Amino acid sequence: MAKTFNQMVEEARAQVPSVSPTEAHKRLKDNPNTLVIDVRDAAEIAVTGTVPQAMHISYGSLTYKADNEVPEDWREAQLKDRSRPIITTCAVGPLGALGGKLLHDMGFTNVSILQGGVEGWKQAGLPTAPADPT
């Protein structure tokens with residue numbers, strides 16, 4: 001049976017916990033090993049900014065960047081530890097939810113989705129930064 005984008009987002013949100021911008025900010029301060037991944041295209045991040053120190057890995061490339069069985073030069077070294085705390089985000093949340101579920105499905109055990117995405121982060125009064133060039 002075919003699924004819509006919204007159905008996939010709802011499935012993701014049902015399986016992967018969400019975290020408020022305030023709680024995400026606290027987690028980043030309390031644990032510097034926490035990784036934020038912005039799954040949007042680089043052009044969009046350049047316009048809106050992102051969470052400070054967020055890593056940009058587009059949703060399309062996350063599938064292989066997070067896979068430890070593809071050739072090493074395809075992988076993202078910061079995703080080697082599948083227990084590392086990760087928060088996924090996008091502009092307003094849905095694509096970040098899909099990114100979080102993708103990582104969850106790939107065996108990552110400590111993944112959260114940023115509620116409201118970068119817009120929610122901004123609305124909480126938290127600062128943004130330009131995209132990480134990596």
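Charged neighbours of A66, selected by a Cβ distance under 15 Å, balance to -2 (K, R count +1; D, E count -1). Distance from the alpha carbon centroid of segment 57-74 to that of segment 1-24 works out to 21 angstrom. Cβ crowding within 10 Å, taken as a proxy for footprinting-reagent exposure, orders V19, V36 from fewest neighbours to most as V19, V36. Given the choices (i) 39, 36, 29; (ii) 76, 36, 34; (iii) 78, 40, 29, Cα extents along the principal axes in Å derived from the coordinates of this structure is entry (i).
Amide H contacts of S112: I86, I87, T88, each under 5 Å away and 5 or more positions distant or on a separate chain (H built 1.01 Å from N in the peptide plane; Pro and chain starts excluded). Calculated mean residue ellipticity at 222 nm for the chain: -11500 deg cm²/dmol, from DSSP H runs with n ≥ 4 weighted as -39500 (n - 2.57), summed, divided by the residue count and rounded to 500.
In the elastic network of the chain, a GNM with C-alpha springs shorter than 10 Å, the most mobile of T63, T88, T50 is T63.
Cross-link reach is defined here as a Cα-Cα straight distance under 26 Å, omitting same-chain residues fewer than 8 places apart; for K26 the lysines meeting it are K80, K101, K122. Who wins for biggest fluctuation among A54, A124, A12 in a Gaussian network model of the chain, springs between alpha carbons below 10 Å? Largest GNM mean-square fluctuation: A124.
Computed from the coordinates by the stated procedures, all read-outs in this text should not be read as laboratory data. Just so you know, these numbers come straight off a predicted model, no measurement behind them. Cβ sites come from the backbone with ideal geometry, for glycine too, and all protein chains shown count toward neighbours.
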